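Input: a single structure, listed below in structure tokens.
The values are calculated or read from the model by the stated rules, or taken from the named source; none is laboratory data. Computed from a prediction, not measured in an experiment: that's the story for all the values here. So basically every Cβ, Gly included, is an ideal-geometry build from the backbone, and we count neighbours across all protein chains shown.
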Amino acid sequence: MQIKNEAMLITYSDSMGSNMKDLKGVLDKYFQGAIGGVHLLPFFPSTGDRGFAPSDYTRVDPSLGTWEDVDALGEQYYLMFDFMINHISRESKFFQDFKENHENSPYKDMFIRIHEFFPEGRPNQADIDLIYKRKDKAPFQTVHFADGTTEEVWNTFGEEQIDLDVRKEIVKEFIRETIKDMASHGCSLIRLDAFAYAVKKLDTNDFFVEPDIWDLLNEVRDEAAKYQVELLPEIHEHYSIQMKIADHDYFVYDFALPMVVLYSLYSGKSNRLANWLQMSPMKQFTTLDTHDGIGVVDARDLLTDEELDYTSNKLYEVGANVKRIYSSEKYNNLDIYQINSTYYSALGNDDASYLLSRVLQCFAPGIPQVYYVGLLAGENDIELLESSKEG
């Protein structure tokens, strides 16, 4: 199904019911005509990060549904799937074979082996400090092989997620096969999760490395175009990166809008919002909330540092059940560039302010995406947060 200029729901398969069948039933019964598309957050077998450590893209997690359930959703809604092009689960058949057979594994070139990536005697501390890191976790991990040897491989986000070497032909073939398989199940749009981390290059910060990142993006687009599938690179950083991507005629995310709208509603000033709406890309998906937190860095320079600080401080003052500690390592949510809160609670659980924020989103350039929690005007669940310690 082709992408429509209709709102897209962001949801896990088991968030509006127990599985995909329940999800479709809820959408058909209560949201007919309101929702045109569904971003079905990762539904593949996964070993961590709520689906973002996929072990097998060819299967649906049986606890969530079947390919037939996915196909049924795709008959009525345009669908977006996640492709974690940067990494794969350590429990995938590829990495498990590598651990078992080491140098004899046909998959040994899929992963970034530290002793091959860096010259002898490196990485040193300067190399490690140079790497762009968003979470307080080591970028490498030691692997113990069946032959008794050990070596380090790259893992940007955590030990469950082993980074792929996108320079290698075996990974390029894996990318081609995954895109083909997704397209065969009604995928209209592929979200390239954490795409800016995918290219690693010596003596760079390994984040949005130009021009190499464009070569990779164009390769993926050429493959997706064979099946009339569009791409949406997911990158949380300065808004200028989204502008660059839009200039290459890709869909982009408007991750700046959430903070700009909050600033506008807190301050009563419309100048920053008006400026952004005049200059923002047209070919984009707008957000106020996603499965991640509220991005701060995305709005830098659209808001001054003082205005960003004002907005962040005001959020903790006005917001309902929002504390700085909830965006900290104590709650497994250490990311200095994001604030952990629902958008409704960021606005003090105030209906009028929240409805106005959604009106602004829906009339902004682009297609609105609404996270299921936001669709239901969900409040921060402090009881669950305290019991799980998961932000």
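Applying the condition of being β-branched (Val, Ile, Thr) and over 14 Å from SER13 (Cβ atoms) to region 35-83 and asking which residue is surrounded by the most Cβ atoms within 10 Å (Cβ to Cβ) yields ILE35. As a summary of the residue check, ARG134 satisfies the conditions (1) modelled with pLDDT under 95; (2) surrounded by fewer than 16 Cβ atoms within 10 Å (Cβ to Cβ) except for the one numbered (2). Looking at this structure, is PRO106 assigned by TED's automatic domain parsing to the domain that holds PHE140, closer than 22 Å to ASP181 by Cβ and not hydrophobic (A, V, I, L, M, F, W, C)? Taking the combined requirement at face value, the residue satisfies it.
Given the residues PHE174, PHE157, which is the only one that is in the same structural domain as GLN76 (by TED's automatic domain parsing) and more than 23 Å from MET1 (Cβ to Cβ)? Just one listed residue meets the conditions, PHE174. Does GLU91 count as more than 17 Å from GLU160 (Cα to Cα) and modelled with pLDDT of 95 or more? It is false that GLU91 is more than 17 Å from GLU160 (Cα to Cα) and modelled with pLDDT of 95 or more. Look at region 341-362: where a residue is not assigned by TED's automatic domain parsing to the domain that holds ILE35 and of a type in the set (Gly, Ala, Ser) and a partner is part of a loop (DSSP other than H, G, I, E, B) and surrounded by fewer than 19 Cβ atoms within 10 Å (Cβ to Cβ), sitting 6+ places away or on another chain with Cβ atoms under 9 Å, you get SER341/ALA320; SER341/ASN321; SER345/ALA320; SER345/ASN321; SER345/GLY378; SER345/GLU379; ALA346/ALA320; GLY348/ALA320. The single condition among (1) assigned by TED's automatic domain parsing to the domain that holds LYS283; (2) within 24 Å of THR47 (Cα to Cα); (3) modelled with pLDDT of 95 or more; (4) surrounded by 18 or more Cβ atoms within 10 Å (Cβ to Cβ) that ALA194 does not meet is (3).
From the list PHE81, PHE117, PHE95, PHE111, which one is touching a Lys or Arg at 6+ places or on another chain (Cβ under 8 Å), in contact (Cβ under 8 Å) with a residue 40 or more places away in the chain, not basic (Lys, Arg) and not assigned by TED's automatic domain parsing to the domain that holds GLU173? After ruling out the rest, the residue left standing is PHE117. Among the strands (runs of 3 or more DSSP E) confined to region 211-293, the ones with at least 2 residues that are polar (S, T, N, Q) and either assigned by TED's automatic domain parsing to the domain that holds ARG191 or touching a residue at least 40 places away in the same chain (Cβ under 8 Å) (or both) are located at 284-286.
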